[in-house]
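The values are calculated or read from the model by the stated rules, or taken from the named source; none is laboratory data. What you are looking at is a predicted structure, and each value in this text was computed from that prediction instead of being measured. As a convention, Cβ positions derive from the backbone with ideal geometry for all residues, glycine included, and neighbour counts pool all protein chains shown. These area figures cover heavy atoms from the full protein model, side chains too; ligands, DNA and RNA do not enter into them. Shrake-Rupley method; radii C 1.70, N 1.55, O 1.52, S 1.80 Å.
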Amino acid sequence: MNHDELDATLDSFGDALASATRVTPGNALRPEDIAVDGVVPDEDLAQYALRLGDDALILAQRLSHWISRAPELEEDVALGNIALDVLGHARSFLTYAGLAWDKTEDDLAYWREEEEFTSLHIVEQPNGDFGVTITRQLIISIYQYLLYSKLAASADPTLAAIAAKAVKEVDYHRDHATQWTRRLGLGTEESAQRMRHALEILWPYVDEMFQDEALHERLGDRAVLPSSLREDWEQQITQVLTDAGLEVPQVGMAMARGRSGEHSEHLGYILAEMQVLARKHPGASW
Amino acid sequence: MSSNTWPLWEVFVRSARGLSHVHAGSLHAPDAEMAVRNARDLYTRRNEGISLWVVRSEDIITSDPDEKDSFFESPQGKDYRHATYYKASEGVKHL
């Protein structure tokens with residue numbers, strides 16, 4: 001350690017003593033690192049990263065709508081944090097996918113049309129009331145937790161690194177949704193009724209999350225087969241719902257083909273809001 | 001749900017191993033489990049901490065601000081309570 005390093009170390013120690021709010025950036029994987037790393041994925045891998053990135057991007061866009069609208073200031077920050085975490089995952093996946101087509105994360109987020117988005121229908125479902133958002137979070141965060149846990153062992157080192165970073169954050173999202181599901185399910189008759197309603201309107205989009213594609217088969221140990229997550233997912237979510245005095249709803253499954261670019265009427269509105277600024281001022285930076 | 005139904009909690013953050021928890025601020029939460037989660041979201045989002053304590057504000061017993069003089073002025077001027085008041089004795093090394 002040279003003198004400058006020693007000084008810096010002592011300074012940071014002094015700051016830490018003086019304040020409880022010492023700020024450090026940490027050293028986690030960032031989308032910028034993926035871009036400069038220069039490892040270009042092949043077409044299948046890029047398509048797979050695009051799917052995971054699109055799920056995260058649309059979910060982040062939905063969640064960020066809660067900012068300034070949550071029932072409490074503290075919850076406002078919690079949902080905002082979760083939205084930002086998920087947006088970070090989207091940035092990493094989209095940056096990586098874009099390397100295959102010489103496109104940036106912004107090209108993919110702002111300059112694709114609705115039918116080019118490969119996101120699942122569950123993430124484009126409207127926020128509804130707080131119970132609907134929490135239920136959607138429960139469904140998707142358990143799914144993403146199981147997915148990223150397995151993807152962290154992917155034979156592709158970049159996907160593995162993104163997943164290893166993301167899984168810790170998604171673990172917290174899962175906990176957040178679980179805590180609220182319990183409180184709303186066991187809260188008042190009103191809150192339990194709203195949770196039952198939320199489960200009924202969202203459950204039809206569960207099937208799509210576990211549908212395998214030829215793409216997954218071709219990628220082998222570089223990807224996670226969606227169907228392989230289903231048993232653990234059902235076991236985990238059933239446990240949470242049971243603990244919350246709720247039940248798995250008996251409803252039919254929707255025909256949803258988001259992976260093929262077929263979306264509900266919701267996605268167009270989400271994209272219009274998300275893309276309008278970038279399209280109105282192409283190339284602008286801020 | 002409004003803030004007046006959610007109790008107030010005080011948040012203490014420990015920023016590194018070997019340091020103490022330091023009071024960082026307060027927040028509202030419906031119960032202890034959510035309070036520690038809200039504390040995580042509000043007070044550690046810039047990598048400030050590795051450990052959190054939360055405690056119900058109403059459970060903290062405080063000294064009375066009106067009794068500040070009788071509580072805290074007495075030690076003033078009592079230099080002999082500080083080690084620097086005393087001269088090192090001759091012949092004592094490394095003190």
### Query
Leaving out same-chain residues fewer than 8 places away, which lysines sit with a Cα under 26 Å from that of B:K68?
B:K78
### Summary
Result for chain B: accessible area per residue, probe 1.4 angstrom, in square angstrom, of 74
### Dipole magnitude of the range B:1-60, debye to nearest 20 (Cβ charges: Lys/Arg +1, Asp/Glu -1, about Cα centre)
340
### Task
Note down the accessible area of A:T118, probe 1.4 Å, to the nearest 10 Å².
10
### Query
Does the range A:39-82 come out rounded, prolate or oblate, given a ≥ b ≥ c as the square roots of the eigenvalues of its C-alpha gyration tensor, rounded meaning a/c under 1.5 and, failing that, prolate meaning a/b above b/c?
prolate
### Message
On a full-extension model of 0.36 nm per residue, what is the gain between B:E73 and B:R46, subtracting their alpha-carbon distance, rounded to one decimal in nm?
### Response
5.8 nm
### Query
Along the positive direction of the dipole of the range A:33-280 (beta-carbon charges: Lys, Arg +1; Asp, Glu -1; about the Cα centre), which of A:Q235, A:I162, A:H216 reaches farthest?
A:Q235
### Query
Is chain A best put as rounded, prolate or oblate by its Cα gyration tensor, with a ≥ b ≥ c the root eigenvalues, rounded for a/c under 1.5, and otherwise prolate when a/b is larger than b/c, oblate when not?
oblate
### Message
As a test of the formula, what do you get for chain A when each DSSP H run with n ≥ 4 contributes -39,500 (n - 2.57) and the sum is divided by the residue count, at 222 nm and rounded to the nearest 500 deg cm²/dmol?
### Response
-21000 deg cm²/dmol
### Query
If you place +1 on the Cβ of every Lys and Arg and -1 on the Cβ of every Asp and Glu, how big does the dipole about the Cα centre of the range A:218-286 come out, in debye to the nearest 20?
580
### Task
Work out the length of the dipole vector of the protein assembly as shown about its Cα centre, built from +1 on the beta-carbon of each Lys and Arg and -1 on the beta-carbon of each Asp and Glu, and round it to the nearest 20 debye.
720
### Task
Select from A:P249, A:W111, A:L151 the residue farthest towards the positive end of the dipole of the protein assembly as shown; place +1 on Cβ of Lys and Arg, -1 on Cβ of Asp and Glu, and compute about the Cα centre.
A:L151
### Query
Is any helix in chain A, taking whole DSSP H runs, at least 15 angstrom long along its axis by alpha carbon and on average at least -0.5 on the Kyte-Doolittle scale, and which ones?
A:3-18, A:43-64, A:73-98, A:130-151, A:265-280
### For the range A:179-286: relative contact order, % (alpha-carbon pairs under 8 angstrom, 6 or more apart)
33
### Query
Using Cα atoms only, what is the angle between the long axis of helix B:32-43 and the major principal axis of chain B, expressed in degrees (0 to 90) to the nearest 10?
70
#### Entry: In the B-A interface, the accessible area buried, summed over both sides, Å² (probe 1.4 Å)
2300
### Query
Which one of A:L73, A:A90, A:A100 has its Cα pushed farthest toward the positive end of the charge dipole of the range A:69-115, where Lys and Arg give +1 and Asp and Glu give -1 at the Cβ?
A:A100
### Message
Give me the percent of accessible area attributable to carbon and sulfur for chain B, probe 1.4 angstrom.
### Response
50
### Query
From the Cα gyration tensor of chain B, with a ≥ b ≥ c the square roots of its eigenvalues, which class applies: rounded if a/c is under 1.5, or else prolate if a/b is larger than b/c, or else oblate?
oblate
